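Report on one structure; see the data block that follows.
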Amino acid sequence: MEYLDDFIEFANGNLNDSQESELFARLASNQEFRSEFRAFNSIGSSINQDLANWSPRPEIKSSIFAKAGLAMPIDTPMVSTSKTALYATKFKSTLLPILFSTALTAVIMLLLFKPDGQGDLHDNSAITESTIINNNLDGDAEMQTKSEILSNPEYAQKETIKYVYVYLNENGNETISEKIEDNLQNKSEIYSSNLSVEKDFNLASQNQAAMRLQSTPYPNHEFEINLADEIISRNWSFNLEQSIPWHLPQETINPASFNKFNNLAIKVFYKLSDVIKFGVAIDQSTFFTIYEGTDDIGSVYRYTQQPNLTTFSALGHLTPYESDLFKTYIQLGLGANISGFVFKPAVGLEFKAYPNLSIVFSAGLDYFRFVQQDKWFDTRKLLFNYGISYKL
């Protein structure tokens, strides 16, 4: 169709007033133009009629929903953009804490149920390596044996053989020297002849040199220069623990503000044996206290406080049972702060997630005893502790 582009522009409403006037003038004066316009219009009508024929009638849809026992859906207007954005913001603020908690739980579960850091990657590497070895063995079945190769003079190769003899210098300066003999021999001769020993090799001197070295305080000729570092690195461990407290009696007031390290403890241990460890700790926490005192004129007052206190403690750690996966422990601690003393017994469980990293859980009691105007008072709280332990 010669005038198809003009018809399409007219149907889409892209023609201005002058172009439309020109189009209608051509319709009135040109028979060929009118014929093509009728053909274009009939094509559009046929398409619309086909769409209408294939669309289900409203009575058919209503009968289908009626037989299914359902009500016809009602077209609902779209929600405005501002309200949709509000719902998205609320969903995002709720989703982020859930994702963070899920990730933290996944890390802890990975540490608990994949000890020693073993995973599928290591297994796949082992399978791949064994497959390669098997393939190499299959290829070797078609190769000649070593004896067949050596018996063939075409494969004989030259090789340098070095013999190193260590002997004591007879001049008395007790220095050890080396003598190297280089021989060029055929590989076939190596398998068929005995190795010769140098004539001036002194067997007695070799024995004397060995005896002199063994007289040192270190066995097997090993001079352990970093012995102190080895002892330190194998016995130290560090714990980072968080606590959940229950005050006895239950607190009725709270401090004006909590310390940013509240209920956090750092512990350092030194292992004396597989059963006993000693260490020190520093922790930040609050104690709910009720005590009595008098003012300057003798009036008696009852004070209720929950102060923030930093406590320094000495710890003893006993391990009654230990397996490859976990171990149990009993911990006793005695600490002090600016107000008094704290007795800290606890029992716990340590899971060995990796060779140097463990997850610890414990339950304990903090018994706080303090003095006020020459009178002793006390308070206590139960604790649930959790954290990680890293061994050097």
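Structure values in brief
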item	result
Residues of the stretch 298-325 satisfying the condition of being within 15 Å of Ser362 (Cβ to Cβ) and surrounded by 18 or more Cβ atoms within 10 Å (Cβ to Cβ)	Ser313, Leu315, His317
Total residues in the stretch 288-315, condition at pLDDT 95 or above and either in contact with a Lys or Arg (Cβ under 8 Å, 6 or more places away or on another chain) or not assigned by TED's automatic domain parsing to the domain that holds Phe269 (or both)	3
The stretch 345-392, residues that are touching a Leu at 6+ places or on another chain (Cβ under 7 Å), within 19 Å of Phe238 (Cα to Cα) and of a type in the set (D, E, K, R)	Lys352
Counted residues, the stretch 246-264 - those being surrounded by fewer than 11 Cβ atoms within 10 Å (Cβ to Cβ) and either at pLDDT 95 or above or not assigned by TED's automatic domain parsing to the domain that holds Gln306 (or both)	0
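The values are calculated or read from the model by the stated rules, or taken from the named source; none is laboratory data. Fair warning: this is a prediction, and the values are worked out from it, not measured in the lab. Don't worry about glycine lacking a Cβ; one is built from the backbone with ideal geometry, like all the others, and counts go over all protein chains shown.
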